[in-house]
Amino acid sequence: MKAMFLGTGAADWSGPDENGEYRRLTSTLLDGTLLIDVTRSTLASIKDPSAVTDVFFTHSHDDHFDPEALRALAPCRVYAHESWADCIKGDGLNVIPLQIGVPVEAAGFTVTPMPSNHYSDRENETTLHYLIEKEGKRLLYATDGGWLTTRENQIVGDRKLDGVVFDATVGEGYSDDFQIFHHNSVDMIRLMRGALVKTGRLQASSPVFLTHLSRTLHDTQAVLERRIERPLIVCYDGMEAYL
Ligand SMILES: [Zn+2]
Ligand SMILES: [Zn+2]
């Protein structure tokens, strides 16, 4: 399974920062065909947009869901939790409502929706993380959200993970930021990784990808790479990884 991190920034990125660094809004492409979240910057980052057949949304925040950019990807299948899927409309969009814990087959992947600890402006929306499986490899995709939820932990069960993608909005030294109630800090990710390893669901050497980094709560990529230990991997835009 090949993951391409098209964008690795949280909602507070709108252009290069004072260091000249830039993170586009978070969106990730798997094997060139399955796209997770579509932002205003996603299309320009995909080499072959016509190869994308299936689009999964984690939630409807506008740094993850851009209806105009999505319509430019049509025709395609679009998956979102049933609590808001009927808000997604457009020519050539085949919208499939998702239910918690009920897997769907898409582009050769098996994708299981799980509830995340996040929120949206749509009062009744259930926000999602995904367990993604293909050809014996299994990825836990966990943006946005603080911690993993109890239900999510139950759905993963004793299944072995080959990698995890975590929302790492809050950087080191900022763990008392108010956003920890709906996003992770790097310290929280270290604790979750430890628990996943201890319960035998993640190998000690398995990659843990950090994405959705806030502009104001993180240092430069070079500093982060020096400071944050493997197997935590600080993603950058355009980074490719293989499971
Ligand atoms: Zn976000
Ligand atoms: Zn969000």
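Quick note: the coordinates plus some simple rules give every number you see, no bench work behind them. None of the values given here were measured: they were computed from a predicted structure. Quick reminder, even Gly has a Cβ in these numbers, built from the backbone with ideal geometry, and neighbours come from all protein chains shown.
Here are a few things to note about the model shown:
- Phi angles across the stretch 16-29 convert, under the Karplus curve 6.51 cos²θ - 1.76 cosθ + 1.60 with θ = phi - 60°, into 3J(HN,Hα) values of x, 8, 5, 8, x, 8, 9, 10, 6, 5, 5, 7, 9, 10 Hz, Gly and Pro given as x.
- About its Cα centre, the dipole of the chain is roughly 840 debye, where the only charges are +1 on Lys and Arg Cβ and -1 on Asp and Glu Cβ.
- Links that overshoot a 21 Å alpha carbon limit, given the list K134/K198; K89/K137; K2/K160; K2/K134; K160/K198: K134/K198; K89/K137
- Placing dummy labels 7 Å off each Cα toward the beta-carbon, the span from R151 to T53 is 3.0 nm.
- Applying 0.36 nm per residue to the separation of V223 and A195 and subtracting their alpha-carbon distance, the gain on full extension is 7.4 nm.
- One quarter of the surface of the convex hull around the alpha-carbon atoms of the stretch 136-199 equals 4.3 nm², the direction-averaged projected area.
- Translational diffusion of the stretch 2-238, µm² s⁻¹ [Kirkwood Rh, Cα pairs; Stokes-Einstein; 10 °C; 1.306 mPa s]: 90
- Sequence-distant residues sharing a close amide H with I233 (under 5 Å, placed H): V208, F209, L210
- Estimated purely from DSSP H runs of n ≥ 4, each contributing -39500 (n - 2.57), the mean residue ellipticity at 222 nm for the chain is -4000 deg cm²/dmol once divided by its residues.
- Length-normalised contact order of the stretch 2-238 in % [C-alpha pairs under 8 Å, at least 6 apart]: 17
- Cα radius of gyration and Dmax for the stretch 42-95 (Å): 10.6, 32
- Full extension of the chain segment joining T33 with Y242 gains 73.8 nm, where the gain is 0.36 nm per residue of separation less the Cα-Cα distance.
- The ranking of M114, M188 from fewest to most other beta carbons within 10 Å of each one's beta carbon is M188, M114.
- Each 10 Å bin from zero holds the following percent of Cα-Cα pairs in the stretch 118-243: 12, 45, 34, 8, 0.
- Shown in residue order for the stretch 105-122 are the 3J(HN,Hα) couplings computed by the Karplus curve 6.51 cos²θ - 1.76 cosθ + 1.60 at θ = phi - 60°: 9, 8, 6, x, 9, 10, 10, 10, x, 9, x, 10, 8, 8, 8, 8, 6, 7 Hz (x for Gly and Pro).
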